[in-house]
1. Consider only pairs whose beta carbons are under 6 Å apart and that are at least six residues apart or on different chains; among these, list those whose first residue lies in the stretch 248-265 and is within 19 Å of residue 305 (Cα to Cα) and whose second residue is among the hydroxyl-bearing types (Ser, Thr, Tyr) and modelled with pLDDT of 85 or more.
2. What do you reckon, is residue 183 surrounded by fewer than 20 Cβ atoms within 10 Å (Cβ to Cβ), at pLDDT below 70 and within 27 Å of the chain's Cα centre (by Cα)?
3. Out of the residues in the stretch 249-277 meeting the condition of being touching a helix residue (DSSP H, G or I) at 6+ places or on another chain (Cβ under 7 Å), small (Gly, Ala, Ser) and farther than 20 Å from residue 350 by Cβ, tell me which one is surrounded by the fewest Cβ atoms within 10 Å (Cβ to Cβ).
4. Which of the residues belonging to the stretch 112-152 are crowded, with 18+ Cβ neighbours inside 10 Å, modelled with pLDDT under 90 and not hydrophobic (A, V, I, L, M, F, W, C)?
5. Based on this model, can you work out whether residue 200 counts as in a helix (DSSP H, G or I) and modelled with pLDDT of 75 or more?
6. For the structure I just gave you, tell me whether residue 17 is modelled with pLDDT under 80 and exposed (fewer than 11 other Cβ atoms within 10 Å of the Cβ).
7. Report yes if some residue within the stretch 68-78 is modelled with pLDDT under 80 and in a helix (DSSP H, G or I); otherwise report no.
8. Which residues, counting only those in the stretch 338-347, are surrounded by fewer than 18 Cβ atoms within 10 Å (Cβ to Cβ) and in contact with a strand residue (DSSP E or B) (Cβ under 7 Å, 6 or more places away or on another chain)?
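The values are calculated or read from the model by the stated rules, or taken from the named source; none is laboratory data. In this text the structure is predicted, and so the values were computed from the model without any measurement. We place every Cβ from the backbone using ideal geometry, glycine too, and count neighbours over all the protein chains shown.
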Amino acid sequence: MKIALPPRRVRTPWGALCWSLFMLYLFIEPYQRGAGWIEWAVTALAFAILVALYTVGLMYWGYRRILRNVCLGVLALAMTFLAYRPSGVILFSMVGAFAPFAVGGNIARSIAAVAGVISIMLLEWWLAYPQLPMDFPTIMAMQTALVSAGTTFVARVNPEIERDHRVAERERIARDLHDVLGHTLSSITLKAELAGRLLDANPQRALAEINDVERISREALNEVRAAIHGYHAGDIRDEFERAESLLGAAGIAVEKRWEPVDVDPARERVLALVLREAVTNVVRHAQAKACRLALYRASDEVRLEIGDDGRGGIHAEGLGMHSIRSRVEAFGGTASWSGAAGTQLIVALPIANLA
């Protein structure tokens, strides 16, 4: 039966393969003794099996069940080769490297697993090579303990990093969906209401508005998919046109100042989403009759301004403004708003990376 694996949580740390190079020590002993081809073949086979198990461990180091099997495989290989040649003692340190991941970074279980591995190694050496001193296996025991201590720390820290990444990704998706859907649903609502009012008086205009509703819905579907996958791009010129259309459908006069500003895609996306969120708030809450939109370059920054003549007022900063501020400040910019005379929002992004 084929076992389905969950999606891999983290990238494979291929750079860690370099740590397998010290296992080439296995070949020093047959070289020094001038061994025959059979011993060379056995040593090469053991090394190939070790590298294969090590590679599997790196590829699936986030999966305990797989790593437990890898540890058992390496342990069996180490015990077999140690019975064949004393140099096999170095293979036990590989078990110590993966054991903490196999038990999820649990300190007590990691210590127990590594202590068991070291005990097996020392006992087998004592039984197989009573005539040899214990210096070398003692050094390897210390190395195994040190390696396992390091990987235990990594195994415990990695889940916390992953949780932080998951939280950040959920917050990003929530901001994108809020910014994308807020504007879109407002557009659909306004155009549907307008089509309803025009249905008897101007059927052709009503049909045009319904067609617009269909088009906006299809665009919203694509934008939601893009936002979830993290590559939602914003074209600031297109967003100005959407904003003007939405404000017009709401019966709000538009004063527009547009100066072409060559910005990098990331900043353009931020500006487009800020404009979308701000205009949506104007339509929903401002009760305005006029709105001013401006985009221009001022000395060392690009500025986006949205102002209306609505009710304004002082109120707590909501999710929309928090989203705007976090996006802008991520690029070293500033976002400020005032409700003294209507609502005025001013966003400034530093000129860095602009042409």
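1. Between residues of the stretch 248-265 that are within 19 Å of residue 305 (Cα to Cα) and residues that are among the hydroxyl-bearing types (Ser, Thr, Tyr) and modelled with pLDDT of 85 or more, the close pairs are 259/296.
2. Considered against the rule, which asks whether it is surrounded by fewer than 20 Cβ atoms within 10 Å (Cβ to Cβ), at pLDDT below 70 and within 27 Å of the chain's Cα centre (by Cα), residue 183 comes out as no.
3. The residue in question is 249.
4. 137, 144, 148, 151, 152
5. On the way: in a helix (DSSP H, G or I): yes; modelled with pLDDT of 75 or more: yes.
Criteria met by residue 200.
6. No, not satisfied.
7. Within the stretch 68-78, none of the residues are modelled with pLDDT under 80 and in a helix (DSSP H, G or I).
8. 338, 344, 346 - these are the residues of the stretch 338-347 that are surrounded by fewer than 18 Cβ atoms within 10 Å (Cβ to Cβ) and in contact with a strand residue (DSSP E or B) (Cβ under 7 Å, 6 or more places away or on another chain).
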